[in-house]
Structures are given as structure tokens and as C-alpha cells.
Amino acid sequence: MPLILTEEQEMLRDSARGFLDEKAPVSALRKLRDTNDPDGFDRALWKEMAEMGWAGILVEEEFGGADFGFVGAGVLAEEMGRTLAASPFQSTSILAATALKKIASDAHKQEYLPKIAAGEALFALAVDEGAKHGPAKTAMKAEKHGNGFKLSGDKTFVADGHVADRIIVAARTAGEPGETEGLTLFLVDAKAKGLSAERTLMVDSRNAARLAFDGVEATGDDVIGEVDGGYMALEGVLSAGRAGLAAEMSGAAQAAFKMTTDYLKERKQFGKVIGSFQALQHRAAHLYSELELVKSVVLKALQDLDENYGMAGVTCTLAKAKAGEVAKLASQEAVQMHGGIGMTDEFDIGFYMKRIRVAQEMFGDTAFHADRLAQLRGY
Amino acid sequence: MSDLEAFRKETRAWLEENCPKEMRDGGAGEENICWGGRRWTFQSEAQKVWLERMAAKGWTVPAWPKEYGGGGLSKEEVKILKAEMRAMKARSPLESFGIWMLGPALLKYGTHEQKLHFLPPIARGEIRWCQGYSEPGAGSDLASLQCKCEDKGDSWLINGQKIWTSYADESDWIFVLVRTDPKATKHNGISFILVDMDQAGVTTKPIKLISGKSPFCETFFDDATAPKEHAPGVSAIVGEMNRGWDVAKYLLTHEREMISGGGGGLFGGRGLGEVAAQHVGLENGRLADPMLRAKIAKAEIDGWAFLLTLERMKDEAKAGAGVGANSSMLKYYGTEFNKRRFELMMDAGGSDELEWEGERTKDGKLAKAWLRTKANSIEGGTSEVQLNIISKRILELPDA
């Protein structure tokens, strides 16, 4: 398969760009922040996105989705990254839709996928418990209780955790923290007894929460996939999430870079536009090169998810590692080259730096994925 | 059976029958390359036979038109031929600057007569060419070159010096950038001329490099001459008089794409992790040197991302977008990455790889290759020149 977008995917990108520029520019995120919006996103806008087929971009047509595949989802994530559009897209339309599609029972699919496609149900994926990502580190317990389970423990850095209707959560039914065996995925109601959510206000003004599970009851039907054998299934879902975040960071980094080169052509010092100085030109040209590499790995990861889901883990790790590193560089160079104005809250560039910092941390930073790649390559 | 499948079958059968056993060793290593030329000594009878058979088929330059000594194959057929050769580990029968550089330039800018005259001997490996571009005073600023070329009626008179001419001491002919109009602005007075080196006015002197090898020469032109026409209707100048910079630019872009690796060298052979494991060992499945491990993992990420970018650019070019100034990006990133890869191999090898002579390291094979990579980001336009081109042509940043 050629490493380029199809005509259909290009059309999706162009229409998404037009829509987001109009409906979800950076000023929309600024407004959500400044008004302390309790949801952290615009529900009416999400409804509009759902009507365009975005919420169900991965959902099969029989469940009312657009079934556009991971490349299509990545195209949308990248465009949302450009304008820093706040929406439940990553949590609900990529992570939850992938989990339901790939590992859930037919009953779960029939119940939830149509709701996702219609924009009627919000989901969150709860994995991490500590400051750094590590699914195998899961300590949260799911103890046998009658025919079902009782979940106890705390989750952190859960995107959309306080607005989700349902939570997909990784818990330990066997084994010890650090082991990949013994993990199980559960789908629980956000209003379940014993489950509480605390919204955490993050540097990027986007949604995140800490969740506390205090003996939350789950039945056997609430299990997604296999009991004790949830690790590989979770890795698959995380791969999709990593590729989605990498695509978003690629978009954000490209937008920050465009703002920066525009500024280099307009800002004058010493009687010249500063973009004529070679010290800045070479840094910009280097960054351009790195961004081209990011575009390639992101597209490859998305294509792999579409073509060979089970084997896409490596390229998704590659994409997350590279996109995280380069997006950070792009945001740092953007602030430095903008100079003083880049430090002001009034100017938008800071929003990019903040979002990229959070996105590169979620589901593993560059060091995590470099280590993972080394393990996969046998060193 | 489709035409291509039939072609594959025939090709396989022909190679099976015609490729000598000795030429089926993969041919790794510079010492096994067949360069051809008037003064070429074949390594073996098999090398000679292999070249002759492939040349007769036009397969030393499979994509060139048949009338110019090529195979007249389509892109798909060339791909199949290469794949079949790889599958049987067949060596390339012939490599040369004539094939890589002059051929493409003549095919694009040459007249029919020039192509008929010069291309077939290149395809047969009879004439070995070298490239006369850089001068002591014209490196990154190549267009400031001064090598003088004067009109003497029936011939051209050439005086000046070239440097970094690869294998000039073993070559027969040279394609040279010369100044034919000293009064014009620097880009507009340059011509691209073809000169026979078999004359007293052309001398060469190898330059010994830090790797201990001498792949480059200085080439001196002291009242050297070239006839206006090498044969009736075959002009010594390629393209228009004083428009040689167009040809040079085309070839530089072409050269950059080649130097950026085509992906070949980057993961050639074993992975960095495997090489390092051999020297520093593994502990619990991880390299025993954690800092080195981190650097290698980061480098593999970048190398892989770069290979995918080459792939994407190729696919975009096929879809009609063209690579354009992105060849500078590929050249910049590919060569800088290659230097980094060899630095890491030297880090991994430690004192084992610091031997310059001796059996253990095959006379410092890695160390010499490591030193060779330092030229990657200088030849074909330095990294800094590539960054200038990206700034100007892609980012459209203003001149200083």
C-alpha cells in the first residue's frame, strides 16, 4: 500500500480542516478554559461532529458508523491537533470504539457502538495508576465476589474520566504488579456505587480525571475479552490510542511550525525580517525535516492498524516515540523563535506547548517507547 | 500468465543460465565492484564474462533505451530484474559514474548524436568517467568555479584545477564544469563539457584521506583541449553553451537522492542493537550498557522514520507530486543519520574496533568506514547548504 492518503482520505482532511478552523479554533479552547467549563468540551459541537460521522469514524456501517478505518481517524485527530480542538474523540471514538470493535462481545457491540456513532455515549479508558505510563504495573484489584468481581484501587490521568458515561478499566484478577499475566478489562457504569471521579485540571486545559474504585461491583458480563488475559487486548487498544495521539501531535506540531515560520517572515529586528538570519533558518529547516519524518511514521502506524491490527504495535510505538519528541521540539522552538510574545498567555503558541506536553506523556513518552522498541528488537 | 510474470520467468531462467557461480556471492564490499574502463583489470574471468553477457543484453543499464546500449525495460521490469538478481545474490555486473551521473544527464540534456556516441561505451563498461565539479576555491559555493575554457576555433582550451574528483586517476574521460563566459553573472557563464583525459594537458593526483584511502583526486588542466565535436555532429558541450549550471543542478539533485541512501545502507546487515550486544553483552535480555542502549534505541527510531520518509516521498513522486527540494531534506537527514549510526557502532565496538591493521578487524574495516562517513555530509553539498536550500525553497524564508 503506498504511503500516501487516498483521494477519499484527502477529502476528509480538507473538509475537517474547514470545519475545525471555523468551529473549533484555539479561541474555543481558550474560552472553555476561561469560563471554567465543567465538561471541558462543547457538547453541541460534539453532536455536530457525530452528525458528520466523526464520532463513529471507526464504527462499522451496520452499527451506524462511517467505518473509515484508522487512517481516517488519524486524519481527524491530526486536524483536531492543528486547532487544539477539545472533544471526546480520542477517548470515545478511538480508544473505546477500538476496544469494543476488537474484543467485546456481540451484545456489547450492539449496545454501545451505535451510541458511540450517534454521539450519545461517552467513554473513558482507565489504565495508569502512577505518574509514568505502564500497563503491566497495574495494581488495582478485581477480586472474585459471588459470580462477579469487586474492583478496588485508584486510576489517574484518565482522559474524559469525569464526563464519561462508561469506563473501560484495567484491573488485576491474578498475578502481581509488573506482570503482564493476570490483567482483565472491565466495562463499568460511571455511576456505579463506589466509583468516584475527581476532575484534574491539567496544564493543557483539557480533560483528565483521577478515579477511585472502592469495591465497585462488576458481573462476568462486564468483562471485555478474557479474564486474566487482558494484557494483549489492552496493548492493541493502546496502540490505536498511541497512533491517535501521535497524529494529534503531528497536527499540533505542524500548526505551531507554520505559526513560527510565518512569524519569521514578518518580525523585523536590526532592520531585517528575522527569518533572513541563518541561525534561525537552519533551526527551522532542521525542524521541517523532523516533521516530515513524523508524518511518515504516523501514516505508517495508522495504515498498519488498518491492514494488520495484531502486528501494528511496533509502528504505533515508533510513531508515539517520534511524534512526542518532535512535537516537543516544535513547541519549544516555536516559543523561542517568537521571543517575548511567545511567553504571553494572550498569544496562542503557549496552548500548543501545553497540549503537546500532555499528549506526549499519555500512554508512554518517548523514553517509554524507545525502551519498548529495544525490547521488541531483542536488546 | 501476465506479461510481467512471463518476463520474470524468462529473466530467472536467463540469469540462472548466464550468471557465473562466482558472481553469486552477493558481491559485498567495495573491492568487488566492477568499474570497467580502458585500464580495468578484471578480478576474474567470471567477472569479465558476467559483464559481457549482461552488457549484450543491455542489462548493465536496464532502463536506458535499447539504441543507446540499454535494455529498454519498463520500471516494473527493472524492478523484477533487480529482485531476481537479489534472489540469486548476483553481483551488479558494472557500476560507474557514467551509469549513475553522466548517463542520466545525457539522457535528459544530450542530443541524439551525443547519446549514440557516449552511452553505449558506458553500458559496455569500456569507458570509465569521472566528475569534475568542485575546485579549491569553489566548494559549497560551487557556482563561483573558475576553471577557464576558451574558444580556439575548432577546439576548446581548458586551464584550471578541479578537486575531489572521485577515482580520476583510474578514469578515462571527465565531465567538467567550466567557465565559458567570464563576464556573465556567476550562474550564467558555466558550461558542461566532456573531455578525454588521455592527453598531456590533464594530470591527476590522489588525495590521501583520514581513512587512509584515496578515493578522490586533484585534477589539473594545463592547456588541455577538447575538439568542438568529438565526432561529426557530437558536440563536446552538453546542453546549451553557458547553461551548464542547469545540467549541474539536475545532477546534484540526482546525486543527493543517491547519497541519501535510497534506504540501502541504513539497515544493511545487522541491527545496531545486535552489533552492540556482541561487544557489551546482554543482562536480562537488555544491553548491559544502559546509556548506549538508550542511544541506539533513539537512533533506530530515527533511522526507521527516515526510511519510511524515503518510502513516502517515492510514493508521492509516483503519484505526481515530485520530490523537488525535498531531495535536500533527504540528503541532509540521511547523511547526518549515517554518521550517527557509525559513531554508535564505534561506541559499541570500543577498543576492539580501534585497530587500524590486523586480521581481527580486517585492517580496521569499521574504523575506516566510520571515517569515510564523515564525508557524507560534505560531498554533494554540505548539510549546511542543504539547510539553506530547505529554508529558501521549501520554507520560503528570505535571503540574508
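The values are calculated or read from the model by the stated rules, or taken from the named source; none is laboratory data. Just so it is clear, the structure is predicted and the values come from calculations on it, not from any experiment. Positions of Cβ are backbone-derived with ideal geometry, glycine not excepted, and every protein chain shown enters the neighbour counts.
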The correct count of residues that are under 24 Å from residue B:208 (Cβ atoms) and in contact with a Ser or Thr (Cβ under 7 Å, 6 or more places away or on another chain) in the stretch B:332-366 is 6
Of the candidates A:323, A:374, the one satisfying the condition of being assigned to a helix (DSSP H, G or I), facing another protein chain (nearest Cβ under 9 Å) and either more than 30 Å from residue B:284 (Cβ to Cβ) or not acidic (Asp, Glu) (or both) is A:374
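Which one is farthest from residue B:24 (Cα to Cα), of the residues in the stretch B:68-121 that are among the hydrophobic types (A, V, I, L, M, F, W, C) and in a loop (DSSP other than H, G, I, E, B)? Working first, answer last.
Step one: of the stretch B:68-121, the residues among the hydrophobic types (A, V, I, L, M, F, W, C) are B:73, B:78, B:80-81, B:83, B:85, B:87-88, B:90, B:94, B:97, B:99-102, B:105-107, B:116, B:118-119.
The next check asks that each one be in a loop (DSSP other than H, G, I, E, B); those that pass are B:73, B:88, B:90, B:94.
Details: B:73: 23, B:88: 6, B:90: 4, B:94: 14 Å.
The qualifying residue farthest from residue B:24 (Cα to Cα) is B:73.
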Of the residues in the stretch B:1-34 that are surrounded by fewer than 10 Cβ atoms within 10 Å (Cβ to Cβ) and at pLDDT 90 or above, the one that is nearest to residue B:72 (Cα to Cα) is B:17
Flag if residue A:300 is more than 9 Å from every other protein chain (Cβ to nearest Cβ) and of a type in the set (Lys, Arg):
no
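Determine which member of the set A:293, A:302, A:287 is among the aliphatic types (A, V, I, L, M) and more than 24 Å from residue B:387 (Cα to Cα). Steps first, please.
Details: A:293 fails: more than 24 Å from residue B:387 (Cα to Cα); A:287 fails: more than 24 Å from residue B:387 (Cα to Cα).
Testing whether each residue is among the aliphatic types (A, V, I, L, M) and more than 24 Å from residue B:387 (Cα to Cα) leaves just A:302.
Can you name the residue in the stretch A:340-371 that is free of Cβ contacts under 8 Å to residues at least 12 places away in the same chain and either within 13 Å of chain B (Cβ to nearest Cβ) or of a type outside the set (Asp, Glu) (or both) and is also nearest to residue A:294 (Cα to Cα) among such residues? Spell out the reasoning first.
Residues of the stretch A:340-371 free of Cβ contacts under 8 Å to residues at least 12 places away in the same chain: A:340-347, A:367, A:371.
Within this subset, residues satisfying the condition of being either within 13 Å of chain B (Cβ to nearest Cβ) or of a type outside the set (Asp, Glu) (or both) are A:340-344, A:347, A:367, A:371.
Values: A:340: 28, A:341: 27, A:342: 24, A:343: 26, A:344: 28, A:347: 26, A:367: 16, A:371: 19 Å.
The extreme case among them is A:367.
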Filter the stretch B:1-50 for residues that are free of Cβ contacts under 8 Å to residues at least 12 places away in the same chain and in a loop (DSSP other than H, G, I, E, B); the one that is nearest to residue B:73 (Cα to Cα) is B:2
Going through (1) at the interface with another protein chain (Cβ under 7 Å from one of its Cβ atoms); (2) out of contact with any Leu (no Cβ under 9 Å at 6 or more places or on another chain) one by one, residue B:293 fails only at (2)
Residue B:195 fails exactly one of (1) β-branched (Val, Ile, Thr); (2) touching a Lys or Arg at 6+ places or on another chain (Cβ under 7 Å); (3) at pLDDT 95 or above, namely (2)
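From A:129, A:143, A:179, grab the single residue that is among the acidic types (Asp, Glu), crowded, with 16+ Cβ neighbours inside 10 Å and not assigned by TED's automatic domain parsing to the domain that holds residue A:30.
That would be A:129, the only listed residue that is among the acidic types (Asp, Glu), crowded, with 16+ Cβ neighbours inside 10 Å and not assigned by TED's automatic domain parsing to the domain that holds residue A:30.
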Log entry, pairs with first residue in the stretch A:78-90 being under 7 Å from residue A:252 (Cα atoms), second being among the acidic types (Asp, Glu), beta carbons closer than 6 Å, six or more apart or on different chains, reads A:81/A:248
Condition check for residue B:335: facing chain A (nearest Cβ under 10 Å) and of a type in the set (Val, Ile, Thr)
no
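From the list B:313, B:329, B:346, which one is within 14 Å of chain A (Cβ to nearest Cβ), at pLDDT 95 or above and in a helix (DSSP H, G or I)?
Values: B:313 fails: at pLDDT 95 or above; B:346 fails: within 14 Å of chain A (Cβ to nearest Cβ).
Selected residue: B:329, the only one of B:313, B:329, B:346 that is within 14 Å of chain A (Cβ to nearest Cβ), at pLDDT 95 or above and in a helix (DSSP H, G or I).
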Note: among A:161, A:153, just one is outside the structural domain of residue A:41 (by TED's automatic domain parsing), part of a strand (DSSP E or B) and crowded, with 18+ Cβ neighbours inside 10 Å, namely A:153
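For (1) out of contact with any Leu (no Cβ under 8 Å at 6 or more places or on another chain); (2) without any contact (Cβ under 8 Å) to a residue 40 or more places away in the chain; (3) among the small types (Gly, Ala, Ser), each residue gets a yes or a no:
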residue	(1), (2), (3)
A:3	no, no, no
A:9	yes, no, no
A:14	yes, yes, no
A:18	yes, yes, yes
A:22	yes, yes, no
A:35	yes, yes, no
A:40	no, no, yes
A:45	yes, no, no
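Conditions (1) in a helix (DSSP H, G or I); (2) touching a residue at least 24 places away in the same chain (Cβ under 8 Å); (3) within 14 Å of chain B (Cβ to nearest Cβ); (4) under 21 Å from the mean Cα position of the chain (by Cα), marked per residue:
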| residue | (1), (2), (3), (4) |
| --- | --- |
| A:221 | yes, yes, no, no |
| A:231 | yes, yes, no, yes |
| A:240 | yes, yes, no, yes |
| A:244 | yes, yes, no, yes |
| A:254 | yes, yes, yes, yes |
| A:260 | yes, yes, yes, no |
| A:283 | yes, yes, yes, no |
Over the stretch A:106-126, the set of residues surrounded by fewer than 22 Cβ atoms within 10 Å (Cβ to Cβ) and assigned to a helix (DSSP H, G or I) is A:106, A:107, A:108, A:109, A:110, A:111, A:114, A:115, A:118
Could you check, for the stretch B:312-322, whether at least one of its residues is assigned by TED's automatic domain parsing to the domain that holds residue B:272 and buried (at least 22 other Cβ atoms within 10 Å of the Cβ)?
yes
A careful count of residues in the stretch B:277-290 that are facing chain A (nearest Cβ under 10 Å) and in a strand (DSSP E or B) gives 3
For helices (runs of 4 or more DSSP H) lying entirely in the stretch A:1-105, having 3 or more residues that are closer than 25 Å to residue A:126 by Cα and of a type outside the set (Gly, Ala, Ser) picks out A:26-34, A:43-51, A:69-83, A:97-103
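Can you tell me which residues in the stretch B:297-308 are in contact (Cβ under 8 Å) with a residue 40 or more places away in the chain and more than 7 Å from every other protein chain (Cβ to nearest Cβ)?
Residues of the stretch B:297-308 that are in contact (Cβ under 8 Å) with a residue 40 or more places away in the chain, as a first pass: B:299, B:306-307.
Passing the criteria: B:299, B:307.
Return the residues of the stretch B:349-379 that are part of a loop (DSSP other than H, G, I, E, B) and either more than 30 Å from residue B:133 (Cα to Cα) or within 14 Å of chain A (Cβ to nearest Cβ) (or both); say none if nothing qualifies.
Of all residues in the stretch B:349-379, those part of a loop (DSSP other than H, G, I, E, B) come to B:355-364, B:374-379.
Correct list: B:355, B:356, B:357, B:358, B:359, B:360, B:361, B:362, B:363, B:364, B:377.
Across the stretch B:385-400, which residue is surrounded by the most Cβ atoms within 10 Å (Cβ to Cβ) among those that are in contact (Cβ under 8 Å) with a residue 60 or more places away in the chain and facing chain A (nearest Cβ under 7 Å)? Quick ask: steps written out before the conclusion?
Filtering the stretch B:385-400 down to residues in contact (Cβ under 8 Å) with a residue 60 or more places away in the chain leaves B:385-386, B:389-390, B:393-394.
Cutting the leftovers down to facing chain A (nearest Cβ under 7 Å) gives us B:390, B:394.
Working: B:390: 25, B:394: 19.
Checking each candidate, the answer is B:390.
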